[in-house]
Amino acid sequence: MSDKNLKIGIIGAGIQGVCNALFLQKKGYQVILFDRDEPGNAASYGNAGHFSPYASVPLNRPDILSDVPAMLMSSRGPLALKWNYVPKMIPWFSRFVVNCTKNKMMHTAKYMHQILDQSLIAYDELFDEIDLEGLVENNGILYIWNEKNLKSRELEIKIREELGVKQQIVNKKEIHDLEPNLKPIYSGGVFYDYARHARNPKKILVKLFENFIKKGGKFLKLNIQDLNFDESKPVLRSETQRFVFDKLVIACGAFSKKLTDKLHESIPLDTERGYHIHFKDFDHLISRPVVNSNRGFGMSPMDQGLRVVGTVEFGGLENALSKNRIKNLILNAKEMLDGLPEHKDEWLGFRPTLPDFLPVIGPSKNYENVYYSFGHHHLGWTLGAISGKIVSGMIANENTNMDLKPYSSVRFAQ
Ligand SMILES: Cc1cc2nc3c(=O)[nH]c(=O)nc-3n(C[C@H](O)[C@H](O)[C@H](O)COP(=O)(O)OP(=O)(O)OC[C@H]3O[C@@H](n4cnc5c(N)ncnc54)[C@H](O)[C@@H]3O)c2cc1C
C-alpha cells in the first residue's frame with residue numbers, strides 16, 4: 001500500500017484533533033475525525049484565546065513551591081483544590097514537585113520554546129485557506145503585576161531573555177497608554193506586541209473544521225469507548241460500531257488518559273480546571289487581552305463580551321463547577337475595571353496537563369501505529385497547528401528538524 005492510501009483515524013475534535021486532521025489531509029491521507037460532541041465544545045471553546053508564542057516559562061519552577069501555601073489560603077488567589085480529589089492527585093503532585101528543579105524548569109522552557117516559536121507560522125498555513133475576517137486580532141497581549149512576588153516576575157523575564165523570546169518591559173505610564181481603562185493597581189508589566197488573540201475560539205475552530213470537511217474529510221459524532229488491535233492495525237469501537245485504521249491519533253485533551261491506559265502505558269495526565277465568565281457588551285473596555293500575573297487570570301475582548309478567564313483548580317474531571325472560583329473571577333475583574341455589570345455564562349473547562357508541563361506529541365511507546373497529541377495544558381490553543389504539523393510529519397516519515405524526543409510518552413516509562 002502506498003503511504004498516501006493510509007486511512008487515519010483521529011479521536012477528539014478539539015483544536016488538536018482538527019489541526020492534526022488538516023495537516024494529515026494536506027499530506028494526502030484519508031482522515032476520519034471522531035468526537036462524542038460537536039467539534040470544539042471542550043477546552044478549545046472556553047479558553048482565553050491567546051496565541052502566545054512567548055509563553056515558554058513553565059509552571060514547574062522552584063519558586064512556585066514556596067508560593068503554593070499562600071495561594072491556597074487566599075480565596076482571591078490563582079490556585080484552588082477540590083479536597084475530595086487530593087488523594088487521587090498525589091502521584092501527579094509528587095511528579096510535579098520532582099519537576100520543579102531549576103534544571104527541569106529550563107528543560108521544559110527550552111522545549112516549550114522550540115514549538116511555541118513555530119506556532120504562529122504553523123497556524124498561518126491553515127489560516128491562509130479560510131476567511132477569518134474579524135476573528136483574529138493582532139493587538140498584542142499585555143501582562144501586568146504589582147510589587148508582590150516581583151522575584152517570580154524577574155525570573156520569568158530572565159528565562160525569556162535567555163531563550164531569546166521577544167518581550168517589551170512596560171512601566172506604569174506605558175501600561176496606562178495601552179489600556180487607559182485599567183485601574184492603576186499595577187506597578188509594571190510586559191507587552192508582547194506580536195501576539196495575537198482569538199475573538200471567538202469556537203468560531204475559528206469551526207472554520208478550520210469546515211475546511212477539513214470541504215476538502216473531503218469525514219466526521220463521525222461517536223463516543224469511542226474501546227481501542228485494541230487487529231494485527232498491528234488500531235481498531236476503534238463506539239457503542240455500536242467498529243472501525244479499523246492504518247494509523248490513529250489520540251487527541252482527546254484532558255480525557256485522553258482513558259484511552260492511553262488501554263495501551264499499556266501509564267501516562268500521568270491530569271487536569272488543571274479553569275473557568276470563564278462574560279460581561280456582555282463590555283469587551284470595548286480593553287483593546288487586547290490583559291493578564292494579571294499576581295492573581296493568575298486574564299480578561300480578553302471577545303465576541304461574547306469581556307471574557308474573564310483563568311485560575312487553576314485541581315479537582316479532576318467529575319467534580320462540579322465551583323461557585324467560589326466564579327466569584328474569584330468576578331471580584332478580580334472588578335478590581336481592575338469600573339462599571340462592570342452582572343456577569344453571564346459560567347463555564348468550567350479542563351486543561352490537559354502532565355506534571356512536567358510538556359505535551360505528549362508523537363508515537364505511542366508500545367504501538368507504532370498510534371500517535372498522541374495531547375497534554376498542552378495552558379497552551380493547547382496556541383499549539384494546535386504546530387502539534388498537528390509535527391504529528392503529520394512523523395506519520396509521513398519526514399524530517400522535522402526538531403528534537404522531538406522530549407515530547408515522547410517514553411519519558412514516563414519507568
Ligand atoms: C480557562 C482556560 C483558558 C485557557 N486559555 C488558553 C489560551 O489563552 N491560550 C492557549 O494556548 N491555551 C489556553 N488554554 C488551553 C487550551 O484551551 C487547551 O490546552 C486546548 O484547548 C486543548 O485542546 P485539545 O484539542 O487537546 O482538547 P479539547 O479541546 O478538550 O478537545 C478534546 C475533544 O476530545 C473529545 N473526546 C474526549 N474523549 C473522547 C472519546 N472517548 N470519544 C470521542 N471524543 C472524545 C471531547 O469531546 C473534546 O471535543 C486554556 C484552557 C482553559 C481551561
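The values are calculated or read from the model by the stated rules, or taken from the named source; none is laboratory data. What you see is a predicted model; the values in this text were computed from it and never measured. No Cβ is skipped: glycine too gets one built from the backbone with ideal geometry, and neighbour counts run over all protein chains shown.
Residue by residue through region 220-246, note down the ones that are part of a strand (DSSP E or B) and in contact with a Pro (Cβ under 7 Å, 6 or more places away or on another chain). Result: Leu227, single match.
For region 374-385, taking the residues that are in contact with a Phe, Trp or Tyr (Cβ under 8 Å, 6 or more places away or on another chain) and of a type in the set (A, V, I, L, M, F, W, C), the one that is farthest from the ligand (Cβ to nearest atom) is identified as Ala385. The strands (runs of 3 or more DSSP E) found wholly in region 318-401 and carrying at least 3 residues that are outside the structural domain of Ser74 (by TED's automatic domain parsing) and over 14 Å from the mean Cα position of the chain (by Cα) occupy 370-374. Could you grab the pairs with beta carbons closer than 8 Å, sequence gap of 6+ or different chains, first residue in region 264-284 and of a type in the set (Phe, Trp, Tyr), second one more than 14 Å from the ligand (Cβ to nearest atom) and in a strand (DSSP E or B)? Note: pairs meeting the criteria are Phe279/Gly305; Phe279/Leu306; Phe279/Lys344; Phe282/Gly305; Phe282/Leu306.
Restricted to region 173-219, and to residues there that are among the basic types (Lys, Arg) and assigned to a helix (DSSP H, G or I), the residue that is farthest from Gly298 (Cα to Cα) is Lys214. Of all the residues that make up region 133-156, how many are surrounded by fewer than 16 Cβ atoms within 10 Å (Cβ to Cβ), at pLDDT 95 or above and among the aliphatic types (A, V, I, L, M)? Qualifying residue count, region 133-156: 0. The residue pairs whose first member lies in region 1-20 and is more than 15 Å from the ligand (Cβ to nearest atom), whose second member is at pLDDT 95 or above and part of a helix (DSSP H, G or I), and whose beta carbons are closer than 8 Å, counting only pairs six or more residues apart or on different chains, are Leu6/Ile395; Ile8/Leu24; Ile8/Ile395. Within region 121-143, residues that are part of a loop (DSSP other than H, G, I, E, B) have Cβ atoms under 9 Å from residues that are acidic (Asp, Glu) in these pairs: Ile130/Glu210; Gly134/Asp303; Leu135/Asp303; Asn138/Asp193; Asn139/Asp193; Gly140/Asp193, counting only partners at least 6 apart in sequence or on another chain. Against the numbered list (1) crowded, with 17+ Cβ neighbours inside 10 Å; (2) of a type in the set (A, V, I, L, M); (3) more than 15 Å from the chain's Cα centre (by Cα); (4) within 16 Å of the ligand (Cβ to nearest atom), Leu116 comes up short only at (3). Can you say whether His113 is within 20 Å of Gln16 (Cα to Cα) and part of a helix (DSSP H, G or I), as far as the supplied structure shows? It is true that His113 is within 20 Å of Gln16 (Cα to Cα) and part of a helix (DSSP H, G or I).
Applying the selection to region 3-43, what residues are of a type in the set (D, E, K, R) and assigned to a loop (DSSP other than H, G, I, E, B)? Correct list: Lys27, Arg36, Asp37, Glu38. Of the residues in region 65-87, not one is assigned to a helix (DSSP H, G or I), closer than 22 Å to Val165 by Cα and touching a Leu at 6+ places or on another chain (Cβ under 7 Å). Within the set Leu155, Leu182, the sole residue that is over 24 Å from the mean Cα position of the chain (by Cα), outside the structural domain of Gln16 (by TED's automatic domain parsing), under 30 Å from Lys334 (Cβ atoms) and of a type in the set (A, V, I, L, M) turns out to be Leu182.
Answer yes or no: is there a residue in region 51-66 that is touching a residue at least 40 places away in the same chain (Cβ under 8 Å), surrounded by fewer than 23 Cβ atoms within 10 Å (Cβ to Cβ) and under 18 Å from Leu259 (Cβ atoms). Among the residues of region 51-66, not one is touching a residue at least 40 places away in the same chain (Cβ under 8 Å), surrounded by fewer than 23 Cβ atoms within 10 Å (Cβ to Cβ) and under 18 Å from Leu259 (Cβ atoms), which makes the answer no. The test for being crowded, with 21+ Cβ neighbours inside 10 Å, in contact with a helix residue (DSSP H, G or I) (Cβ under 8 Å, 6 or more places away or on another chain), under 25 Å from Phe374 (Cα atoms) and not assigned by TED's automatic domain parsing to the domain that holds Glu156 holds for Thr260. The residues in region 207-232 that are within 12 Å of the ligand (Cβ to nearest atom) and out of contact with any strand residue (DSSP E or B) (no Cβ under 9 Å at 6 or more places or on another chain) can be counted, and the count is 1.
Scanning region 363-373 for residues that are away from the ligand (no atom under 15 Å from the Cβ) and in contact with a helix residue (DSSP H, G or I) (Cβ under 8 Å, 6 or more places away or on another chain) gives Pro363, Ser364, Lys365, Asn366, Tyr367.
Only one entry of Ser56, Ser75, Ser44 meets the criterion of being over 20 Å from Ser119 (Cβ atoms), of a type in the set (Ser, Thr, Tyr) and in contact with a helix residue (DSSP H, G or I) (Cβ under 7 Å, 6 or more places away or on another chain), and that entry is Ser75. Within region 397-405, is there a residue that is touching a Ser or Thr at 6+ places or on another chain (Cβ under 9 Å) and on the phi < 0 side of the Ramachandran plot? So far as region 397-405 goes, yes, one or more of its residues are touching a Ser or Thr at 6+ places or on another chain (Cβ under 9 Å) and on the phi < 0 side of the Ramachandran plot.
Checking each residue of region 266-274 against the condition of being within 23 Å of Ser256 (Cβ to Cβ) and at pLDDT below 95 gives at least one match.
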